[in-house]
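Read the structure below first, then the notes.
The values are calculated or read from the model by the stated rules, or taken from the named source; none is laboratory data. Keep in mind that this is a model prediction, so the values were computed, not measured. Using ideal geometry, Cβ is built from the backbone for each residue, glycine included, and neighbour counts are taken over all protein chains shown. Note: areas computed on protein heavy atoms with side chains; ligands, DNA, RNA excluded. Shrake-Rupley method; radii C 1.70, N 1.55, O 1.52, S 1.80 Å.
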Amino acid sequence: MAGKSADEVAGDAVESIWQRMERPARPPRAALTHAQIAAAAVEIADAEGLDAVSMRHLAERLGVATMGLYRYVRGKDDVIELMLDAVIAEEAQVEPAADWRTTLREAACGLRRAVLRHPWMVRTTARSGQLTPHLVARADRLLASLEDLGLDADGRMAVVGTVSAYVNGTVAVAVGLAELMRREGVTRADELRGLYSSHLRWLLESGRYPAFERYIREGVRKDDGEWQFELGLDCVLDGVAARLGI
């Protein structure tokens, strides 16, 4: 049997929550708003983790019957999209700046702040497919900032994607480190290093890792995550500028 055409596949696709929200509400008048649902879910995830965001827990937080939530969302995937969109709308938006570099840099720093404040985002950003309204609006502004640099559409998206990949990678490491510290019952990075000092000493005393040993002994910014992030980000942006010859 021949495969389906693109139009047939699109016709079979389930409508997103954003498409359903565009339609007028059915009577009786809604007792909740999607913004209220998103805010309550974000509060739960921030305090208890993403796994705690169940339809039952969310309904309890909102003071409604669990089945009543299904008038607004089809399940947890819809809730996660609402959560991501709400956070991006409030904390990681980017306004066009005078130049492309400032626009991308401020957007990257804003996204980092958002994820560090809401670490559950590490598990959800890819899951949403990046297709919530505010995520797409953010991408649109970033792409627009590159339009006068002589790049074609694919090149502009590659630049935006490269910067985003850097942000996502660094914040994932930071969130993972924070989770490790919680599991080990420590609150400072130097305490964590103390727990692993014997393992590290064994590795360094082998003599096989001289450059890494110099970093351990000479590095003074091991715990300055913001400095490390911004230096790396500037390296990425320097590379874009060098590629473009600007």
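Listing for the model above:
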read-out: Matching residues, the range 76-93, being within 9 Å of the chain's Cα centre (by Cα) and open to solvent by 10 Å² or more (accessible area, probe 1.4 Å); value: none
read-out: Options Ala178, Ala189, Ala153, Ala137: the member that is out of contact with any helix residue (DSSP H, G or I) (no Cβ under 7 Å at 6 or more places or on another chain) and under 24 Å from Arg243 (Cα atoms); value: Ala153
read-out: Meets criteria (surrounded by 15 or more Cβ atoms within 10 Å (Cβ to Cβ) and in contact (Cβ under 8 Å) with a residue 40 or more places away in the chain) for Met55; value: no
read-out: Helices (runs of 4 or more DSSP H) contained entirely in the range 171-246, each with at least 1 residues that are touching a Leu at 6+ places or on another chain (Cβ under 8 Å), at pLDDT below 95 and surrounded by 12 or more Cβ atoms within 10 Å (Cβ to Cβ); value: 189-195, 210-218, 225-244
read-out: Top-ranked residue of the range 94-113 - restricted to ones that are surrounded by 21 or more Cβ atoms within 10 Å (Cβ to Cβ) and of a type outside the set (Lys, Arg), ranked as farthest from the chain's Cα centre (by Cα); value: Trp100
read-out: Whichever residue in the range 153-162 is within 14 Å of Arg141 (Cα to Cα) and aliphatic (A, V, I, L, M) and, among such residues, is most open to solvent (accessible area, probe 1.4 Å); value: Met157
read-out: Residues being assigned to a helix (DSSP H, G or I), surrounded by fewer than 18 Cβ atoms within 10 Å (Cβ to Cβ) and small (Gly, Ala, Ser) - total across the range 114-138; value: 1
read-out: Residues located in the range 91-120, provided they are over 16 Å from Tyr166 (Cβ atoms) and polar (S, T, N, Q); value: Gln93, Thr102
